[in-house]
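Colleague: Take a look at the following structure, please.
The values are calculated or read from the model by the stated rules, or taken from the named source; none is laboratory data. Bear in mind that the values here come from a model prediction, so they are computed numbers and not experimental data. Neighbour counts run over all protein chains shown; Cβ positions are idealised from the backbone, glycine included. Calculation scope for accessible area: heavy atoms of the full protein, side chains included, ligands and nucleic acids excluded. Shrake-Rupley method; radii C 1.70, N 1.55, O 1.52, S 1.80 Å.
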Amino acid sequence: MPKFLFHGSYTASGAEGVLKEGGSARHQAATELIESAGGTLEALYWTFGHHDFIVIAEMPDQAAAAAVSLRVGASGALRVTTTPLFSAADVDEIAARTPAYRPPGS
């Protein structure tokens, strides 16, 4: 299954929810969300700086990842960005492809 990185930041109401419920409850909620979309949560970490958290998850496809991202964003408690992740084997396969390309001005 493809892997995705979800990273985001809490709004004021989202931060209040984390303070009220704690990290373990939010980890459980994230696990349930990912599993309800057919995926598996591999890791959830809280950070500081530009993003408040990151989630790494295996998802059945891009549509499942997008549905999770949309559902979370619609809550208004978080702003989330979803990034596909590629393994070394994926990059090998990508590099072996030879699409036709002409650089500008050539």
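Colleague: Once the principal axes of the Cα atoms of segment 56-101 are found, what is the range along each, listed largest first in whole angstroms?
Modeller: The Cα atoms of segment 56-101 stretch 42, 24, 16 Å along their principal axes.
Colleague: Take peptides 20-27, 6-13 and line them up by average Cβ neighbours within 10 Å, highest first, as a rough protection proxy.
Modeller: 6-13, 20-27
Colleague: Express the C-alpha Rg of the chain as a ratio against the empirical globular expectation 2.2 N^0.38 Å, rounded to two decimals.
Modeller: So the Cα radius of gyration is 1.30 times the expected 2.2 N^0.38 Å.
Colleague: Given Cα pairs under 8 Å that are at least 6 residues apart, what percent is the relative contact order of the chain?
Modeller: 39 percent
Colleague: Moving to a separate point now. Apply 1/(1 + (r/R0)^6) to the Cβ-Cβ distance of T98 and M1, taking R0 = 35 Å, and write down the FRET efficiency to the nearest 0.05.
Modeller: 0.85
Colleague: If I compute solvent accessible area with a 1.4 Å probe over the protein chains, what percent of it on the chain is carbon and sulfur?
Modeller: Carbon and sulfur atoms account for 59 percent of the accessible area of the chain.
Colleague: Express the accessible area of the chain per residue in Å², computed with a 1.4 Å probe while the remaining protein chains stay in the model. Don't skip to the end; give the middle numbers.
Modeller: Numbers: 7100 Å² over 106 residues.
Result: 67 Å² per residue.
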